[in-house]
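**Q** The structure follows.
The values are calculated or read from the model by the stated rules, or taken from the named source; none is laboratory data. Model, not experiment: these values are computed from the prediction. No Cβ is skipped: glycine too gets one built from the backbone with ideal geometry, and neighbour counts run over all protein chains shown. The protein model used for the area step is the full one, side chains on, heavy atoms only, and it has no ligands, DNA or RNA in it. Shrake-Rupley method; radii C 1.70, N 1.55, O 1.52, S 1.80 Å.
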Amino acid sequence: MSTAAVAAYRGLNYGKQEHQTKTVSVEDFKRWLMQFDTDGDGRISRRELREAIRRRGAWFAGLRAWRAVQRADTNRNGFVDDDEIENLIEVAEKDLGFKIRRDPAGPGSALH
């Protein structure tokens, strides 16, 4: 992933409309998120999500990650699995300030 893509997410200031990043595709969001899958198991743990949120510059990253996993993890195994990613996308849009479009990434994608 490019440095520019990571920098685009770091610039987001939660709750401040004027500081939000460009809209990204679901695939771009997944790609960005999976760079934090440090153990390579294909799932996102609370610790991994905390690091992703922290890298974006958010305060209370641990609390935000705990809350996001609680909401997204429907089978209660402590991880956000691939089949639960849509739940995490909803949480990311509602609580974490992401703008995610549901159509495939085009040439104007913010993370390319």
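**Q** Heavy atoms of the protein only, probe of 1.4 Å, neighbouring chains included. What is the accessible area of ILE53 in Å², nearest 10?
**A** 0
**Q** Now a separate question. Work out how much length ARG47 to ILE100 would gain on full extension: take 0.36 nm times their residue separation and subtract the Cα-Cα distance, in nm to one decimal.
**A** Numbers: separation 53, 0.36 × 53 = 19.08 nm, distance 2.25 nm.
Additional length available on full extension: 16.8 nm.
**Q** Can you spot the aspartates and glutamates whose alpha carbon is less than 17 Å from LYS99's alpha carbon? Ignore those fewer than 8 places along the same chain.
**A** The qualifying aspartates and glutamates are GLU18, GLU27, ASP28, GLU86, GLU90.
**Q** Taking the simple approach of a point 7 Å from Cα along Cα-to-Cβ for both TRP59 and LYS30, what is their distance in nm?
**A** For the pair TRP59/LYS30, the computed spacing is 3.5 nm.
**Q** Find out how many positive minus negative residues lie around SER45, taking Lys and Arg as positive, Asp and Glu as negative, among other residues whose Cβ is under 13 Å from that of SER45. Before the final figure, lay out each step's value.
**A** Working: positive: ARG43, ARG46, ARG47, ARG50; negative: ASP37, ASP39, ASP41, GLU48, GLU51, ASP73, ASP81, GLU84.
That sum, taken over residues with Cβ under 13 Å, equals -4.
**Q** A follow-up question, please. So for the pair GLU93, ASN77, with labels modelled 7 Å out along Cα→Cβ, what separation do we get in nm?
**A** Rounded to a tenth, the inter-label distance reads 2.5 nm.
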